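**Q** So that we are looking at the same thing, I have put the structure below in structure tokens.
The values are calculated or read from the model by the stated rules, or taken from the named source; none is laboratory data. If you're wondering where the values come from, they're calculated on a predicted model, not measured in any experiment. Here the Cβ positions follow ideal geometry from the backbone for every residue, glycine too, while neighbour counts run over all protein chains shown. The accessibility values were calculated without ligands, DNA or RNA, using every heavy atom of the protein model including side chains. Shrake-Rupley method; radii C 1.70, N 1.55, O 1.52, S 1.80 Å.
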Amino acid sequence: MPLNPKMKTIVIDDMLTMRKIITKMLKQIGFTDIHEADDGATAWPMIEEALNNGQPFEFIVSDWNMPKMSGLELLERIRKDERTKKLPFLMITAEAEQSNVLKVVKAGVSNFVVKPFTPETLKGKIDKIFP
Amino acid sequence: MTDFKQRYLEFCKPFVESLKDVYKTMLRCELTHEAPKLKSNNIASGDYSALMGINGRYEFGDVKRNFKGSLVISWPKDCYIKSASAMLMEDYTDYNQEISDVGLEICNITMGNAKNILNQLGYFIEMSIPNSIYGANHEINAQKGVVTIVTPFTSPLGNVFVELNYEDFDLK
């Protein structure tokens, strides 16, 4: 699926700082329809509501470490649901250990980016999801 | 040099390098570190401090030990506001709620990257949730028995301080 900058995107991170940075970088790339959530637990109802409204999210950008529902738990829930199992999912993490990478790959992540990162790195990761 | 001192220095280095990498990548700013010093009081080096507890185990060859401590990154107010402005790509002139978790995020990323490097050296760290303290001359009480080393950094944005508390002990 090619990159459509108008695609409905949700940025999920418990830290306001990271949400602001990612949103700003996405806008620089050209994204225009960006929503935010502060945890996987608050994002999931938003994702379900958008599905029920017939305007589903088309791209998820999520942090891994969050207090209520982690990015990994959210990814697993999304992949289990028939309606969202193919939803592009970019995981953002501060932990780059091989074991962690394997966990998210096994769970079906579309791509992942390790903090710290530049706008160019983020764009490169997104380009690989939407060639 | 004792084995403990060698482990302490080996343990500190990834945090120093990781913080420099965070500043270079996300704040487009070069940090220069100065000589580390032993810290003997509990007054923070800056006005804003972000801290994370460190617990884990060390395994290298026949040596197996537990360790505990904490990472503290501390900024004078002016440098904190300039760092937040650089990271968020916006101009801030005073401390406010909007920039209150910038230090937490810098601390979190620094810890995550250092953890990855240390993992390859035999240190296995359990990540914790970062906390912050704001206010002039605030106190940070380290765990009993740990040694604290503070590494000052200079940069075009001002001075930043990394305090590492570390102690290791035999596995029970």
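**Q** Is there a pair in B:K5/B:K115; B:K115/B:K144; A:K68/A:K123 whose C-alpha atoms are over 26 Å apart, and which pairs would that be? Don't skip to the answer; put the middle values down first.
**A** Details: B:K5/B:K115 19 Å; B:K115/B:K144 23 Å; A:K68/A:K123 28 Å.
Exceeds cut-off: A:K68/A:K123.
**Q** Per residue, what accessible area does chain A have, given a 1.4 Å probe and all protein chains present, in Å²? Intermediate values should be presented prior to the final figure.
**A** Working: 6070 Å² over 131 residues.
Result: 46 Å² per residue.
**Q** Within a Cβ distance under 10 Å of A:L87, other residues only, what is the Lys/Arg minus Asp/Glu net charge?
**A** With Lys, Arg at +1 and Asp, Glu at -1, the net is +2.
**Q** Any idea how far apart B:N41 and B:F4 come out in nm if each label point goes 7 Å out from Cα toward Cβ?
**A** According to this spin-label approximation, the distance is 2.5 nm.
**Q** Based on the alpha carbons, how large is the Rg to Rh ratio for chain A when Rh follows Kirkwood?
**A** On the way: Rg = 13.4 Å, Rh = 14.5 Å.
Using only Cα positions, Rg/Rh for chain A is 0.92.
**Q** If you don't mind, there's one more thing I want to ask. Taking each pair of distinct Cα atoms in the stretch B:89-133 once, what is the resulting Kirkwood hydrodynamic radius in Å? Before the final figure, lay out the partial values.
**A** Numbers: mean 1/r = 0.0808 Å⁻¹.
About 12.4 Å for the stretch B:89-133.
**Q** Separate question: Of A:S99, A:S110, A:S62, which is the most mobile in a GNM of chain A whose springs link Cα atoms less than 10 angstrom apart?
**A** Comparing A:S99, A:S110, A:S62 in a Gaussian network model of chain A, the most mobile one is A:S99.
**Q** Let me ask something else. What trypsin sites (Lys or Arg not before Pro) does the stretch A:48-106 have in DSSP loop regions with at most 10 other beta carbons within 10 Å? Before the final figure, lay out the partial values.
**A** Details: sites: A:K68, A:R77, A:R79, A:K80, A:R83, A:K85, A:K86, A:K103, A:K106; in loops: A:K68, A:R83, A:K85, A:K86.
Filter output for the stretch A:48-106: A:K85.
**Q** Related question: How big is D, in µm² s⁻¹, for the stretch B:94-172 by Stokes-Einstein at 37 °C and 0.692 mPa s if Rh is the Kirkwood radius over C-alpha pairs? Can you show the working numbers first?
**A** Values: Rh = 15.2 Å.
Translational diffusion coefficient: 217 µm²/s.
**Q** When the Kirkwood radius is taken over all Cα pairs of the stretch B:1-159, what Stokes-Einstein diffusion coefficient follows at 4 °C and 1.567 mPa s, in µm²/s? Don't jump to the answer; show the numbers that get you there.
**A** Values: Rh = 16.3 Å.
Translational D for this selection: 79 µm²/s.
**Q** Now for a separate question. Using a 1.4 Å probe and counting only protein heavy atoms, how much accessible surface gets buried when A and B come together, both sides summed, in Å² to the nearest 100?
**A** Values: alone 7090 and 9120 Å², together 14260 Å².
Summed over both sides, the interface buries about 1900 Å².
**Q** Still on this structure, please answer the following. Binning at 20 angstrom from zero up to the longest distance, how are the C-alpha pair distances of the protein assembly as shown distributed in percent?
**A** 33, 54, 13, 0
**Q** A 24 angstrom limit on the alpha carbon distance is what I want to check against. Which of A:K20/A:K86; A:K86/B:K24; A:K27/B:K24; A:K20/B:K37; A:K86/A:K128; A:K85/A:K125 exceed it? Write out the running numbers ahead of the final one.
**A** Numbers: A:K20/A:K86 26 Å; A:K86/B:K24 35 Å; A:K27/B:K24 22 Å; A:K20/B:K37 36 Å; A:K86/A:K128 15 Å; A:K85/A:K125 20 Å.
Too far apart for the 24 Å limit: A:K20/A:K86; A:K86/B:K24; A:K20/B:K37.
**Q** Quickly work out the B:V63-to-B:V146 label distance, labels modelled 7 Å from Cα along the C-beta direction, and quote it in nm with one decimal.
**A** In this crude label model, B:V146 to B:V63 measures out at 2.0 nm.
**Q** When every alpha-carbon pair in the stretch A:25-66 is counted, what percent end up more than 13 Å apart?
**A** On the way: 505 of 861 pairs.
Looking at the stretch A:25-66, the distances longer than 13 Å represent 59 percent of pairs.
**Q** Give the Cα extents of the stretch A:53-94 along the principal axes, in whole Å, largest first.
**A** Principal axes ranked by extent give 32, 17, 16 Å for the Cα atoms.
**Q** Just check the stretch A:1-75 against the gyration tensor rule for me: Cα atoms, a ≥ b ≥ c as the square roots of the eigenvalues, rounded for a/c under 1.5, and otherwise prolate or oblate depending on whether a/b exceeds b/c.
**A** Oblate is the answer for the stretch A:1-75, as a/c is 1.5 or above yet b/c matches or exceeds a/b.
**Q** To continue, here is another question. What net charge do the residues around B:I43 carry, taking every other residue with its C-beta under 12 Å from that of B:I43, with Lys and Arg at +1 and Asp and Glu at -1? Display every interim value, and only then the final one.
**A** Numbers: positive: B:K39; negative: B:D47, B:E139, B:E163.
Around B:I43, the charge tally is -2.
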